[in-house]
Amino acid sequence: MNVATILEMAAGGYGDRIAIGRRADGLGYERLRQLAVAGAARLGDGVEVVGFVGQSGPAFVTAFFASAVRGVPFMPLNYRLGEAQLNELLSRHAGAVIIADPRYVDSLKVAGEVVTTDDWLSELSREATDPAVDVSAIGEPSRPALYLYTSGTSAAPKAAILHHHHLTSYILGSVEFGAAAPDDAALVSVPPYHIAGVANLLSNVFSGRRIVYLPDFTPESWLSTVRSEGITQAMVVPTMLARIVDAIGEDKAGPPSLKFISYGGSRMHESVLRRALHAFPEAGFVNAYGLTETSSSIAVLGPDDHRTALESPDPAVARRLSSVGRLIPGIEVQIRDQDRQVLPTGTVGDVWVRGEQVSGEYAGSGSVCDADSWFPTRDAGWVDDEGYLFIEGRTDDTIIRGGENIAPAEIEDVLLQHPDVEDAAVVGVPDEEWGHRVAAAVKLRPGATVEPEELVAWTRKHLRSSRAAETVVIRNELPRTDTGKLLRRQVLDDLRELSPGVQA
């Protein structure tokens, strides 16, 4: 099944209902289908890949579906990359048509055609006149649908390949067609080059929900848009949710129109989540865990799970608030040791997953799945007796001090419990005697003043000495991607040369 079939079904089922944009002037589903067909004709023959350099909006949506209709891969790229990085990625893809926001066009040095988003939309609007073309019959579903470059937080970026059947397996297995009410609207703040941006597009189109994009996030603009557009669903990354809760304040409640808030993309600290649940008491919270290589979510912690864990006196149930929930239908998980042997329930190890939506394939290097189609997520985690999956962090991030494995998240959670700490990052600095030395960088809350030595003592008070931080530095900001992922390599480079207890 080609992902263009999802748009075809939506156009047939919802007609003129607004698909993309604001209530006053958005694109209807049938009109979006016409633009996608016109876009496929505009791309023509001989195109090997369609690149996109720009923010979320009508150009992104039409380019994505036009690529699907034409049967060529769509490749959204991070427009925030430096010019050299962006052009290096583009140089890997000959025969590309690049659709780009006007502000980026002059910096692109490619052999293929470059079209501005303004010209793209203008051309499609002139040509989109034939509503009779069956888009589901165009484009082979076995071909790649999407190239998504990984963020490169721990290695050089590489293009994950998702085929049409990976994306449609995810949608058909997790979204009900037509589930949205006519007035439902989703606010999406993640960029198009993140798997959540693509997955949100497909799931909202399939369910019949209007999508409102907020390319330039601020908590004030987010709250204003929720109110003015009657937003009922919203997807954010943890750093956004923390800023939204701060903007609302401790004694106020968020906009009442919100029925659901989903979050993912990076680890959510429990202290932030508890504040958010208080700020939006009527909203259902959904934690979605997944990776680019798994076509988005493979585990979900649903609204009932959140509220039950928040209120439960049972420590085992309350702990599930820090889990990523249970696996969605069609996904299997194994927790393995370094020899790839399956570990028992409750034991921390490497997380491996399998299912129809799981790709594990990269451009130029093929699949990294094993012979039985199990994909190594490179996350460390464990599963409890009820099937809840807990993610402890990336396996590459594990601190090994004196032969003891330490998850950075454990120490970060302790630091975030300090009333003056807003953000924290913990790394293992190489040490000749112990293997690793535990070091932390923290961002303080506005107006807070606290000495690094006090934060070192705070971790020693709450953790045994072998797991406590030995070095704490205070920074104005911690390096994160725009989807909230911590750039741990940059933190490590910053802290590598510091002595224990020193503030630089």
So for region 390-399 (the condition being open to solvent by less than 10 Å² (accessible area, probe 1.4 Å) and within 23 Å of P452 (Cβ to Cβ)), does at least one residue qualify? yes
Name, by its number, the condition in (1) touching a residue at least 60 places away in the same chain (Cβ under 8 Å); (2) crowded, with 20+ Cβ neighbours inside 10 Å that does not hold for N287. (1)
Give just the number: which of (1) outside any helix (DSSP H, G or I); (2) open to solvent by 10 Å² or more (accessible area, probe 1.4 Å); (3) in contact (Cβ under 8 Å) with a residue 40 or more places away in the chain does M240 not satisfy? (1)
Here the residues within region 400-422 that are closer than 15 Å to T239 by Cα and surrounded by 21 or more Cβ atoms within 10 Å (Cβ to Cβ) are E412, V421
Picked from region 218-232 (must be more than 24 Å from Y289 (Cβ to Cβ) and in contact with a Ser or Thr (Cβ under 8 Å, 6 or more places away or on another chain)), the residue surrounded by the most Cβ atoms within 10 Å (Cβ to Cβ) is V226
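Table: residues versus (1) open to solvent by less than 30 Å² (accessible area, probe 1.4 Å); (2) under 27 Å from A299 (Cα atoms); (3) modelled with pLDDT under 95; (4) outside any loop (DSSP other than H, G, I, E, B).
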| site | (1), (2), (3), (4) |
| --- | --- |
| L167 | yes, yes, no, yes |
| V190 | yes, yes, yes, no |
| V198 | yes, yes, no, yes |
| F206 | yes, yes, no, yes |
| I211 | yes, yes, no, yes |
| D216 | no, no, yes, no |
| A234 | yes, yes, no, yes |
| E250 | no, no, yes, no |
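Which residues, taken from region 320-339, are of a type in the set (D, E, K, R), over 23 Å from the mean Cα position of the chain (by Cα) and open to solvent by 80 Å² or more (accessible area, probe 1.4 Å)?
Correct list: D339 only.
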Being within 21 Å of M268 (Cα to Cα), among the basic types (K, R) and surrounded by fewer than 19 Cβ atoms within 10 Å (Cβ to Cβ) narrows R464, R496, R489 down to just R489
In the set I138, I98, I171, I161, which member is modelled with pLDDT of 95 or more and farther than 18 Å from S295 by Cα? I98
For region 57-85 the number of residues that are more than 15 Å from I6 (Cβ to Cβ) and in a helix (DSSP H, G or I) is 8
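When you check S107 against the structure, is it part of a loop (DSSP other than H, G, I, E, B) and of a type in the set (G, A, S), yes or no? Break it down into steps so the answer makes sense when it comes.
Numbers: part of a loop (DSSP other than H, G, I, E, B): yes; of a type in the set (G, A, S): yes.
Spelling it out, S107 is indeed part of a loop (DSSP other than H, G, I, E, B) and of a type in the set (G, A, S).
Give, as residue ranges, the strands (runs of 3 or more DSSP E) completely inside region 340-457 that count at least 3 residues that are more than 22 Å from the chain's Cα centre (by Cα).
Those strands (runs of 3 or more DSSP E) span 399-401, 404-406, 421-431, 435-444.
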Determine if region 213-223 includes at least one residue that is among the β-branched types (V, I, T) and over 30 Å from I6 (Cβ atoms). yes
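The values are calculated or read from the model by the stated rules, or taken from the named source; none is laboratory data. Computed from a predicted model, the values in this text were never measured in an experiment. Ideal geometry is used to build each Cβ from the backbone, glycine not excepted, and the neighbour counts take in all protein chains shown. Accessible surface areas use protein heavy atoms only, side chains included; no ligands, DNA or RNA. Shrake-Rupley method; radii C 1.70, N 1.55, O 1.52, S 1.80 Å.
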